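Beneath this line is the structure, given in structure tokens, with notes to follow.
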Ligand SMILES: C[S@@+](CC[C@H](N)C(=O)[O-])C[C@H]1O[C@@H](n2cnc3c(N)ncnc32)[C@H](O)[C@@H]1O
């Protein structure tokens, strides 16, 4: 990563990102997935989620609050320092954390893989294996919630990022029944207030 221009070196940017998004509400994709689990089996206890690229915990904290067991995985140690210091962190006995790159990490079978705004940061040479690992690890009837980024996104030109056409994303989702598939494409700003053209696929999908 050290040869990348500063604007593309995300490893350096994450602590500023955590600061910028501190206290934000859980992602809509996670909430949509949780609503579906609750509607299917309102009284079910002890569900298990893997929160990939959990960051400072906006989604992990919500899962724990609802009584889910969570394995939170992130490549940046500061993510966990911030998460564990959050005043709204509850049920911490249900939380396990794992520091590491998700493409190098394993996890057990799960009800939910949540990958909010993190999978595009997987280098392209590892993405297909990572996606296979995600699909394999979700039990039948379990879900994926999260985002993939499109080919018209400004960051698509960054060689270490993974971006896809809509057709490619639809192919990835073949093992799933698609429940939410929202495409967001607009000129906006990043959390660090940098101007950016966004092209995002917001996904909730149930494993067949
Ligand atoms: C944009 S933040 C998203 C954080 C949180 N999920 C959210 O929705 O706000 C991306 C996170 O993914 C982590 N990340 C990026 N690439 C990763 C990788 N290859 N393995 C593990 N974590 C990674 C970063 O450290 C960062 O915390």
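Screening the range 160-178 for residues that are part of a loop (DSSP other than H, G, I, E, B) and touching a residue at least 12 places away in the same chain (Cβ under 8 Å) and picking the one that is surrounded by the most Cβ atoms within 10 Å (Cβ to Cβ) gives 162. Can you name every residue in the range 70-88 that is more than 24 Å from residue 45 (Cβ to Cβ) and within 13 Å of the ligand (Cβ to nearest atom)? Matches in the range 70-88: 74, 75, 76, 77, 78, 79, 80, 81, 82. Beta carbons closer than 8 Å, at least 6 apart along the sequence or on distinct chains, pair a first residue in the range 72-85 that is over 16 Å from residue 115 (Cα atoms) and free of Cβ contacts under 8 Å to residues at least 60 places away in the same chain with a second that is more than 10 Å from the ligand (Cβ to nearest atom) and assigned to a loop (DSSP other than H, G, I, E, B) for 83/89. Would you check which residues across the range 125-157 are under 20 Å from residue 196 (Cα atoms) and without any contact (Cβ under 8 Å) to a residue 40 or more places away in the chain and list them? Correct list: 157 only.
Scanning the range 5-21 for residues that are touching a strand residue (DSSP E or B) at 6+ places or on another chain (Cβ under 9 Å) and in a helix (DSSP H, G or I) turns up at least one hit. Based on what the data block shows, is residue 61 under 15 Å from the mean Cα position of the chain (by Cα) and farther than 26 Å from residue 162 by Cβ? The answer is yes for residue 61.
Any idea which residue in the range 144-159 is farthest from the chain's Cα centre (by Cα), counting only those that are farther than 20 Å from residue 55 by Cβ and surrounded by 15 or more Cβ atoms within 10 Å (Cβ to Cβ)? Full working, then the answer.
Going residue by residue through the range 144-159, those that are farther than 20 Å from residue 55 by Cβ are 150-152, 154, 156-157, 159.
Then keep just the ones that are surrounded by 15 or more Cβ atoms within 10 Å (Cβ to Cβ); that gives 150, 154, 156.
Numbers: 150: 15, 154: 19, 156: 18 Å.
Among residues in the range 144-159 that are farther than 20 Å from residue 55 by Cβ and surrounded by 15 or more Cβ atoms within 10 Å (Cβ to Cβ), the one farthest from the chain's Cα centre (by Cα) is 154.
Screening 129, 136, 103 for residues that are away from the ligand (no atom under 16 Å from the Cβ) and either in contact with a helix residue (DSSP H, G or I) (Cβ under 6 Å, 6 or more places away or on another chain) or in a helix (DSSP H, G or I) (or both) leaves exactly one candidate, 136. Which residues, counting only those in the range 58-87, are assigned to a loop (DSSP other than H, G, I, E, B) and out of contact with any strand residue (DSSP E or B) (no Cβ under 6 Å at 6 or more places or on another chain)? Passing the criteria: 66, 67, 75, 76, 85, 86, 87. For the range 106-126, a tally of residues being in a helix (DSSP H, G or I) and near the ligand (Cβ under 9 Å from one of its atoms) returns 4. If only residues of the range 88-127 that are in contact with a strand residue (DSSP E or B) (Cβ under 6 Å, 6 or more places away or on another chain) and farther than 15 Å from residue 51 by Cβ are counted, the one that is surrounded by the fewest Cβ atoms within 10 Å (Cβ to Cβ) is 109.
Just checking, which of 46, 55 is part of a loop (DSSP other than H, G, I, E, B) and within 22 Å of residue 201 (Cβ to Cβ)?
Values: 46 fails: within 22 Å of residue 201 (Cβ to Cβ).
So the residue among 46, 55 that is part of a loop (DSSP other than H, G, I, E, B) and within 22 Å of residue 201 (Cβ to Cβ) is 55.
The residues in the range 22-62 that are away from the ligand (no atom under 12 Å from the Cβ) and within 21 Å of residue 106 (Cα to Cα) can be counted, and the count is 4.
Bear in mind these aren't lab numbers, they're just calculated from the coordinates by the rules spelled out. Here the structure is a predicted model, which means the values were calculated and not measured. Every residue, glycine among them, receives a Cβ derived from its backbone with ideal geometry; neighbour counts consider all protein chains shown.
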